[in-house]
Amino acid sequence: MVKAYVLSAAMVAAGFFGTCAPVHAQPAEMIPVTLDQATILRLEAPATSLVIGNPAIADAIVQDGKTLIITGKGYGSTNLIGLDSNGRQLFERQLVVRNAELNLVTVYRGADRETLSCAPKCQPSAIIGDSTASFTSNTSQTSSRNSLSQSQATSSPQ
């Protein structure tokens with residue numbers, strides 16, 4: 001009696017979860033995205049909605065129906081799904097966010113890491129994985145500079 005009940009529950013669960021399968025089971029095309037950089041993706045059909053699996057890794061917006069702008073926000077991979085105005089899936093792509101290796105120098109002091117952007121002079125650059133002190137100092141200074149620039153822009157006469 002117990003076995004029949006367990007088997008029936010398993011069959012019901014299999015039937016229920018079978019209806020929740022992804023719309024497209026084929027492997028998603030991979031799109032490389034550079035951290036803190038924008039990438040443009042052109043579509044064949046217009047998309048009205050986007051779904052990002054992990055918004056901490058990437059962000060995307062629909063510029064116009066057939067142009068997407070994807071920005072790398074953190075290292076790793078996630079998926080991007082585009083839907084049409086009727087909610088039908090148009091595409092699914094795998095986004096892989098990597099660091100820009102161009103002109104970067106990494107300095108290790110024991111276990112601490114600091115990254116410098118050397119283009120052409122070496123300046124500190126806040127990169128995920130740097131030591132907390134280095135990263136915090138760089139992001140704090142960048143935020144202060146950006147706030148000052150923003151306040152200057154809004155207070156100057158046009």
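With the structure loaded, tell me whether residue 93 is farther than 30 Å from residue 43 by Cβ and of a type outside the set (Ser, Thr, Tyr) or whether it fails that test. So residue 93 does not fit the description; no. In summary, strands (runs of 3 or more DSSP E) completely within the range 14-85 and bearing 2 or more residues that are of a type in the set (D, E, K, R) and modelled with pLDDT of 90 or more occur at 58-64. Consider residue 123 carefully, then state whether it is farther than 26 Å from residue 142 by Cα and modelled with pLDDT under 95. In short, no.
Table: residues versus (1) in contact with a helix residue (DSSP H, G or I) (Cβ under 9 Å, 6 or more places away or on another chain); (2) crowded, with 16+ Cβ neighbours inside 10 Å; (3) farther than 22 Å from residue 117 by Cβ; (4) polar (S, T, N, Q).
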residue	(1), (2), (3), (4)
32	no, no, no, no
37	no, no, no, yes
41	no, yes, yes, no
48	no, no, yes, yes
52	no, yes, yes, no
67	no, no, yes, yes
81	no, yes, yes, no
84	no, no, yes, no
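Please verify whether residue 81 is without any contact (Cβ under 8 Å) to a residue 12 or more places away in the chain, touching a strand residue (DSSP E or B) at 6+ places or on another chain (Cβ under 8 Å) and farther than 16 Å from residue 35 by Cβ, treating the condition exactly as stated.
On the way: without any contact (Cβ under 8 Å) to a residue 12 or more places away in the chain: no; touching a strand residue (DSSP E or B) at 6+ places or on another chain (Cβ under 8 Å): yes; farther than 16 Å from residue 35 by Cβ: yes.
No: the conditions fail for residue 81.
The values are calculated or read from the model by the stated rules, or taken from the named source; none is laboratory data. These numbers were taken from a predicted model, which means no experiment stands behind them. Because the Cβ atoms are built from the backbone with ideal geometry, glycine has one as well, and the counts that use them run over all protein chains shown.
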